[in-house]
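S.K.: The structure follows.
The values are calculated or read from the model by the stated rules, or taken from the named source; none is laboratory data. This structure is a prediction, so every number in the text was calculated from the model and none was measured. Virtual Cβ from ideal backbone geometry, glycine too; neighbours counted across all protein chains shown. Please note that ligands, DNA and RNA were not included when accessible areas were found on the heavy atoms of the full protein model with its side chains. Shrake-Rupley method; radii C 1.70, N 1.55, O 1.52, S 1.80 Å.
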Amino acid sequence: MQINGGVRFCEQGMKASIRAMHVQSEVLGMINENVTGFDKVGFQRKEPVISAFTEYLGIHGLSSTIDDEPGRIMTSQNPLDIAMANKGYFQIQTPEGVRLTRDGRFKLDKLGNLLDLEDNAVLSDAGMPIKLPVVPENATQVVVNAKGKVSVYDKNSNELLEAGYLGIVDSNGMAVLNPDVKQGYNEHSNVVLQNEFMAVKPVVRNFEANRQIFLLESSNLQKVISQLGSAS
């Protein structure tokens with residue numbers, strides 16, 4: 001007795017080409033999002049991740065990861081603009097929960113609370129909103145050192161009063177010990193346009209190849225249907 005085993009997979013080229021075009025369209029969407037975010041402060045590019053069985057799984061075999069490399073750091077006219085030269089994220093308290101961001105464009109309200117541009121509280125390393133012990137007359141009286149320590153000048157005592165440390169963590173929520181904070185700087189995206197444009201070419205070529213397969217299979221199918229119709 002002879003036992004034969006194995007896995008066999010046979011599928012029409014039309015279905016396979018449609019799945020492939022769907023995946024390549026999504027990849028192009030990620031690249032387009034990266035290009036669009038080139039000038040956005042704190043934007044981090046997306047990197048498509050294609051599994052080994054994407055040709056069978058289609059769009060379900062495609063995922064993405066975030067490139068967490070620091071972006072381009074440029075000077076700002078606002079002392080409350082904070083950037084990080086190393087990897088890490090600021091923690092922002094939103095109505096939906098804590099959000100991680102590289103966008104360090106902050107501001108103060110009338111009570112001395114440190115907020116982001118959407119009026120959400122900036123959290124300290126203790127997980128509490130940062131509030132200055134005194135409200136400064138202007139933003140130049142706020143000092144942030146390389147470790148993320150926030151202080152404010154008190155003209156009455158002629159001293160710097162500590163308000164806490166910025167809660168800077170990695171993507172897993174662990175504290176970053178050396179964030180290398182830069183006061184008066186903005187971090188723009190880590191997107192390199194040349195690399196994004198080069199990444200488009202093979203995706204477009206693959207899309208066109210699958211499109212041609214789809215058109216060929218569609219033409220063959222139309223011929224078969226036509227012949228069956230004439231034979232009947």
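S.K.: Filter the trypsin sites (Lys or Arg not before Pro) in segment 48-104 down to the DSSP loop ones having no more than 12 other Cβ atoms within 10 Å, then list what survives. Walk me through the intermediate numbers first.
M.R.: Details: sites: Arg72, Lys87, Arg99, Arg102; in loops: Arg72, Lys87, Arg102.
Loop-located and lightly packed - none at all.
S.K.: Under 8 Å for C-alpha pairs, at least 6 residues apart: give me the relative contact order for the chain, rounded to a whole percent. All intermediate terms of the calculation are to be shown ahead of the outcome.
M.R.: Working: 431 pairs, mean separation 60.0, N = 232.
Taking the mean separation of contacting Cα pairs over the length of the chain, I get 26 percent.
S.K.: Let me ask something else. How large is the accessible surface per residue of segment 78-232, computed with a 1.4 Å probe and reported in Å² as a whole number? Before the final figure, lay out each step's value.
M.R.: On the way: 9020 Å² over 155 residues.
Ligands and nucleic acids excluded, the figure is 58 Å² per residue.
S.K.: With unit charges on the beta carbons (Lys and Arg positive, Asp and Glu negative) and the dipole taken about the Cα centre of the chain, which residue among Val224, Gly184, Val143 sits farthest to the positive side?
M.R.: It is Val224.
S.K.: What is the sum of charges, Lys and Arg at +1 and Asp and Glu at -1, for the other residues whose Cβ falls under 15 Å from the Cβ of Leu161? Each step should come with its number before you reach the end.
M.R.: Details: positive: Lys131, Lys149, Lys155; negative: Glu137, Asp154, Glu159, Glu162.
That sum, taken over residues with Cβ under 15 Å, equals -1.
S.K.: Sticking with this one: Calculate one ³J(HN,Hα) per residue across segment 157-170 by plugging θ = phi - 60° into the Karplus curve 6.51 cos²θ - 1.76 cosθ + 1.60, and present them in order as whole Hz with x for glycine and proline.
M.R.: 9, 6, 9, 8, 9, 6, 10, x, 10, 4, x, 9, 10, 8
S.K.: Mind jotting down the distance between the C-alpha centroids of segment 211-232 and segment 106-163, whole Å?
M.R.: 71
S.K.: Still on this model: How far apart, in nanometres, would the label points at Asp154 and Met128 be if each is projected 7 angstrom from Cα along the Cα-to-Cβ direction?
M.R.: 1.6
S.K.: Sticking with this one: Hey, what do the phi angles of segment 39-51 turn into as Karplus ³J(HN,Hα) couplings, whole Hz, using 6.51/-1.76/1.60 and θ = phi - 60°, x for Gly and Pro?
M.R.: 9, 8, 5, x, 6, 10, 5, 9, 10, x, 10, 10, 6
S.K.: If you filter segment 125-180 for trypsin sites (Lys or Arg not before Pro), then keep DSSP loop positions with at most 11 other Cβ within 10 Å, what is left?
M.R.: Values: sites: Lys131, Lys147, Lys149, Lys155; in loops: Lys147, Lys155.
Loop-located and lightly packed - Lys155.
S.K.: Can you give me the long-range amide H partners of His188? Hydrogens built in the peptide plane at 1.01 Å from N, cutoff under 5 Å, separation of 5 or more residues or another chain.
M.R.: Under 5 Å from the amide H of His188 lie the amide H atoms of Gly42, Arg72, Ile73, Met74, each far enough along the sequence or on another chain.
S.K.: In addition: Extension gain Ala209-Val35, at 0.36 nm per residue separation less the Cα-Cα distance, in nm?
M.R.: Values: separation 174, 0.36 × 174 = 62.64 nm, distance 2.44 nm.
The span from Ala209 to Val35 would gain 60.2 nm if fully extended.
S.K.: Here's another thing I want to ask about it. With each label point set 7 Å from Cα along the Cα-Cβ vector, what nm distance links Glu96 and Phe53?
M.R.: 3.1
S.K.: List the residues, sorted by chain then number, that are 5 or more residues from Ser124 or on another chain and whose placed amide H is less than 5 Å from its amide H.
M.R.: Ile130, Gly167
S.K.: Is there a quick way to get the dipole size of segment 116-220? I mean about its Cα centre, with the Cβ of Lys and Arg at +1 and of Asp and Glu at -1; what is the value in debye to the nearest 20?
M.R.: Working: 8 positive and 14 negative charges, 66 e Å.
That gives a dipole near 320 debye.
S.K.: On a 19 Å Cα-Cα criterion, which of the cross-link pairs Lys46/Lys149; Lys149/Lys182; Lys15/Lys201; Lys46/Lys147 come out too long? Each step should come with its number before you reach the end.
M.R.: Values: Lys46/Lys149 31 Å; Lys149/Lys182 11 Å; Lys15/Lys201 23 Å; Lys46/Lys147 28 Å.
From the list (Lys46/Lys149; Lys149/Lys182; Lys15/Lys201; Lys46/Lys147), the Cα-Cα distance tops 19 Å for Lys46/Lys149; Lys15/Lys201; Lys46/Lys147.
S.K.: Carbon-plus-sulfur fraction of the accessible area of the chain, 1.4 Å probe, in percent?
M.R.: 54
S.K.: What is the calculated FRET efficiency for Asn113 to Ala175, with r their C-beta to C-beta distance and R₀ = 25 Å, to the nearest 0.05? It would help to have the intermediate numbers written out before the result.
M.R.: Details: r = 22 Å, r/R0 = 0.89.
That pair, Asn113 with Ala175, gives E of 0.65.
S.K.: Apply the Karplus parameterisation 6.51 cos²θ - 1.76 cosθ + 1.60, with θ equal to phi minus 60°, to every residue of segment 107-122 and state each ³J(HN,Hα) to the nearest whole Hz, in sequence, with x for glycine and proline.
M.R.: 8, 10, 8, 5, 9, x, 7, 8, 10, 8, 5, 9, 6, 8, 6, 8
S.K.: With +1 on each Lys and Arg Cβ and -1 on each Asp and Glu Cβ, how big is the dipole of the chain about its Cα centre, in debye rounded to the nearest 20? Walk me through the numbers on the way to the answer.
M.R.: Details: 22 positive and 27 negative charges, 138 e Å.
Using Cβ point charges on Lys, Arg, Asp and Glu, the chain gives about 660 debye.
S.K.: Given the rule -39500 (n - 2.57) for each run of at least 4 DSSP H residues, summed and divided by the residues of the chain, what is its mean residue ellipticity at 222 nm, to the nearest 500 deg cm²/dmol? Can you show the working numbers first?
M.R.: Details: 3 runs with 67 residues, N = 232.
For the chain, the value works out to -10000 deg cm²/dmol.
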